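Below: one structure, written as structure tokens.
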Amino acid sequence: MNDTPGWTSPGSAPSDGQDGSGIPRPTTPADANGSAPQWSKDQPPAGQWSPPTGQTPPPAPGRNWGAPPPNAHWGRPPAAKPGVIPLRPLGMGEILDGSVKTLRTYWRTVLSITVTVAVISQIADILAQRFLVPTTPGLSADATPAEELEQSLQAAQDSLIGLGPALLVTLMASLVCAALLTVVISRAVVGRPVTLGDAWHEARPRLLQLIGLTLLMAALSAAVILVGLLPGLLVGGAPGVALTLLGGLGAVVVVVWLMIRFSLASPALMLERQGIVKSLKRSAKLVQGSWWRIFGITLLTQLLIFIFAMIIAIPFAIVGIAVDGDGFSGLLSGSTTAFGWPFLIITGIGGVITSAITYPISAGVTVLLYVDQRIRREALDLELARAAGLPGYGPTPGDETVGG
């Protein structure tokens, strides 16, 4: 019995050497006695048949004779759609639409997850900014450019150190959110309801591995950046600066390539119940040959999320500045170096609203890209149709009798 979230098979997939021939295919029509369709013995006389009332007779032979009627699908029925996506290879718009439909259809479960995570993250961020991040000292009027640069770097370093605990809390909360949303979206694909308890039960055994996968990817990215910057830092001087810029640019390109190549490792780990290394290999195999397509969809998604976040965040920031301390006059005069509770609370509310909506969209695109790649390479649509209980695809997982 398949006990994975919804429809996946643990451990292996057709791309690992199987051809998918064992997947049940839809049954073909036949007569009642099981034989192939036969022509009726009673045929209308030649030249005397007329269409039933209200129907248009077929066109006379000519230039378009034999062409299919409008909206015909060349004998292929429309793809089944038991859940938020049609079970066929997906376009970019369908992937985004499926993410939004998941949020709308399962909004109680999705918002329970995302709002909780967003509130925890924003509280940690507010407390860190209020109590851990030091107040930025004002720059002296007669400071040299070197002193100004040194003071700015010191302020940035203090801010990063102060925000460290908040970033750690946000990372852990985001990972839990991603794991739960992956389960929800996998169920949404086959139209199955899922509660918060169900999602937690499915995701909890994989959380430690998901954290390990995330930390491994972060360490890999940091190592690549360090390798790219290190030669220039060692050389120093003007040549070192040029070498650092070139090395940094090359390192960024490599990191982006690796992030896209391994972008499907998280859903592979959660839904196929594979280990960290196997999930990375699985993602690399699914992305192979489709890197630019996945990169384009991911980039567009992040751009849309950024625009939406700015639309929500800017009004809250304006209101927060207006009600906090000296307001805009203090900000423009440069006398305000730290914001108080009103600003942090108001902008925190905006952050909760933004995160609660963007989390499921981002997670949905990743999971649906994974589903789309498996449909294209492994005919996963047939297995999904079977999991959804559609007729003609074999027994629904969980309905089989032992040994039957």
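The values are calculated or read from the model by the stated rules, or taken from the named source; none is laboratory data. In this text the structure is predicted, and so the values were computed from the model without any measurement. When we count neighbours, we look across all protein chains shown, and the Cβ atoms used for this are built from the backbone with ideal geometry, even at glycine.
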Of the conditions (1) of a type outside the set (Phe, Trp, Tyr); (2) over 28 Å from the mean Cα position of the chain (by Cα); (3) at pLDDT 90 or above, Ile305 clears all except one; give me its number. (2)
In the range 89-101, is there at least one residue being small (Gly, Ala, Ser) and more than 16 Å from the chain's Cα centre (by Cα)? no
Qualifying residue in the range 114-129 (condition: small (Gly, Ala, Ser) and modelled with pLDDT under 85): yes
From the set of residues in the range 189-226 that are assigned to a helix (DSSP H, G or I) and charged (D, E, K, R), which is surrounded by the most Cβ atoms within 10 Å (Cβ to Cβ)? Glu202
Exactly one condition in (1) under 22 Å from the mean Cα position of the chain (by Cα); (2) at pLDDT below 90 is false for Gly325; which is it? (1)
Of those in the range 230-263 that are farther than 30 Å from Val277 by Cβ and among the β-branched types (Val, Ile, Thr), the residue nearest to the chain's Cα centre (by Cα) is Thr244
It is to be established whether one or more residues within the range 277-298 are touching a helix residue (DSSP H, G or I) at 6+ places or on another chain (Cβ under 6 Å), within 24 Å of Leu181 (Cβ to Cβ), not in a helix (DSSP H, G or I) and not β-branched (Val, Ile, Thr). no
Report whether or not Gly250 is touching a helix residue (DSSP H, G or I) at 6+ places or on another chain (Cβ under 7 Å), of a type outside the set (Ser, Thr, Tyr) and free of Cβ contacts under 8 Å to residues at least 24 places away in the same chain. yes
Could you list, ordered by first residue, the pairs with Cβ atoms under 9 Å in which the first is in the range 369-391 and at positive phi and the second is surrounded by 21 or more Cβ atoms within 10 Å (Cβ to Cβ) and of a type outside the set (S, T, N, Q), at least 6 apart or interchain? Gly389/Val190
Given the condition modelled with pLDDT under 90 and under 24 Å from Asp372 (Cα atoms), answer yes or no: does some residue in the range 194-215 qualify? yes
Selection from the range 96-137 of residues that are surrounded by fewer than 22 Cβ atoms within 10 Å (Cβ to Cβ), of a type in the set (Val, Ile, Thr) and part of a helix (DSSP H, G or I): Val100, Thr105, Val115, Thr116, Val119, Ile120, Ile123, Ile126
Looking at the range 167-206, which of its residues are basic (Lys, Arg) and in contact (Cβ under 8 Å) with a residue 40 or more places away in the chain? Arg187, Arg192, Arg206
Would the range 272-281 turn up any residue that is modelled with pLDDT of 95 or more and under 18 Å from the mean Cα position of the chain (by Cα)? yes
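For residues that are assigned to a helix (DSSP H, G or I) and surrounded by fewer than 12 Cβ atoms within 10 Å (Cβ to Cβ), tally how many sit in the range 227-250.
So the answer is 5.
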